[in-house]
Amino acid sequence: MVPNIRHTTDWRFSTLASWLGVTSACAYYANSELALLLQGGVSGAILALLFYVLKQPNKHVYIIALTYFLLTLGLMQLTSTSLVFLHLVMFTATFSPHFSLPKILCAVVSAMVVYGATHYTRWEASVPWVTFVVWFFFCVMNWFVSRRIVESLNMHYQSRQNYKELKATQQMMGAMSAAQERQNISRELHDSLGHKLTALSINLDFAKRTANPETVETLTRCHQLSQEVLEEVREIVSTQRNNKTILKNALEALCALTPNLQCDLQLDTQTEQLPQDYGLCVLRFCQEMISNTLKHTQANHITLSAKVTHIDQQTQLIAQAYNNQPETELPKQGNGLAGLKERMAQYNGDFTQYIEQGVLINTIALPLIFNRDE
């Protein structure tokens, strides 16, 4: 089976229009009143099936395809019009991304053989082979066109997703750079201006104690002002150092821009204090996990977690990702995971994959050293 459908194009209108056309034709050429009643149930089941496929194009593909095929064969027994082959055209379009051309051709030929055998006498022993040939080539052409359309839409979807991930990375790097600059400024305020204000306050307090009565009031006022300015500087420094929610905001933005996949973020409060390089590692890891989930699985939910732990007197950053699709074996590692491993190696970290109770768990572990000045 080829890669899943990932685009979000709305095919409901065209599907409903095609279904109405073939249903009307089959009803007009119904074999009997009983056949007309039975057609209602069969056509209704086909419509429900088609809308399920549009909503969940990658779920239960074989079962849905077989059911659609059998319903089409059943509808052929209730009408005499060859327009029922329009369902074969819809069949090839719907399942072109999932089945190869030989499999589709087997289904089309089988349906035509059944139709020709069951309607042979009604056509007075003369099977219109030209009609079969026309519908056959129409189905083949539709398979090629539909497959190319889906591939093009998938590529467009992936390009948009890559662009959104790139924008999230740029926003995070810009925000982290700005935050780092603010921290540098706050550090300078604390180390330079704060120390001088403290010295000034001490000298004013000493001068107040030794001054004559005429200048005590003025020195007391100056001492209070120096204390107030020092408190304001300390408050500014504390505010800048506590404003460290950049990683969480970047990940929330990335998840919000990802359709068809619900993301559950679980971030430790200590991750708010991550340096820029480590925060970028977590973001890249989450991007790769989301991208792989969309490309290679049918999962609709992913959990992303990050925490700072202390193991054997060493501080480590642990990030994990897992989705809700059961797995029985580890996937083959492509360029994305290879690049992720290389990035982890630059920080003496490690990337691992393992299966626990049918769940594929992806983990990165990085030894973490915080700058004491931060």
For the chain, size of Cβ-based charge dipole, Lys and Arg +1, Asp and Glu -1, in debye = 1100
Within the set SER159, SER291, SER305, GNM on the chain using Cα springs under 10 Å gives the largest fluctuation to SER159
Say we join alpha carbon atoms closer than 10 Å with springs in a Gaussian network model of the chain; which of LEU197, LEU337, LEU225 then has the biggest fluctuation?
-> LEU225
How large, in percent, is the carbon and sulfur part of the accessible surface of the chain at a probe radius of 1.4 Å?
-> 57
Solvent-accessible area of GLU252 with every protein chain in place, 1.4 Å probe, in Å² to the nearest 10 | 80
May I ask for log10 I(q)/I(0) of region 7-161 at q = 0.11, 0.18 Å⁻¹, from a Debye sum over the Cα atoms as equal point scatterers with solvent left out?
-> -0.44, -1.12
Relative contact order (percent, whole number), region 205-322, Cα cutoff 8 Å, 6+ residue spacing = 21
Taking the chain and counting helices only, DSSP H stretches of n ≥ 4 at -39,500 (n - 2.57) each over all residues, the nearest-500 ellipticity at 222 nm comes to -21500 deg cm²/dmol
Which value, in Å² and to the nearest 10, is the accessible area of ARG160 when all protein chains are kept and the probe is 1.4 Å?
-> 90
D (Stokes-Einstein, µm²/s), Kirkwood Cα radius, the chain, 0.890 mPa s at 25 °C = 93
For region 59-109, what class follows from the C-alpha gyration tensor (a ≥ b ≥ c being the square roots of its eigenvalues): rounded when a/c is under 1.5, otherwise prolate if a/b is larger than b/c, else oblate?
-> prolate
Helix by helix, which DSSP H runs in the chain go 20 Å or more along their axis at the Cα atoms and have an average Kyte-Doolittle hydropathy of 0.0 or more?
-> 12-28, 33-55, 61-76, 101-118
Name the cysteines of the chain that stand alone by the Cβ rule: no other cysteine Cβ under 4.7 angstrom.
-> CYS26, CYS106, CYS139, CYS222, CYS281, CYS286
Top of PHE144, PHE132, PHE206 by mean-square fluctuation, Gaussian network on the chain, Cα under 10 Å | PHE206
FRET efficiency for GLU228 and GLU272, using Cβ-Cβ distance with R0 set to 35 Å, rounded to 0.05 = 0.75
Do any trypsin sites (Lys or Arg not before Pro) in region 6-72 lie in a loop, going by DSSP, with at most 14 other beta-carbon atoms within 10 Å of their beta carbon, and if so which?
-> LYS59
LYS164, LYS103, LYS341, reordered so the largest accessible area comes first (probe 1.4 Å) | LYS103, LYS341, LYS164
Relative contact order (%) - criterion: Cα under 8 Å, at least six apart; region: the chain | 13
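The values are calculated or read from the model by the stated rules, or taken from the named source; none is laboratory data. Just so you know, these numbers come straight off a predicted model, no measurement behind them. Cβ: placed from backbone, ideal geometry, glycine included. Neighbour counts: every protein chain shown. Calculation scope for accessible area: heavy atoms of the full protein, side chains included, ligands and nucleic acids excluded. Shrake-Rupley method; radii C 1.70, N 1.55, O 1.52, S 1.80 Å.
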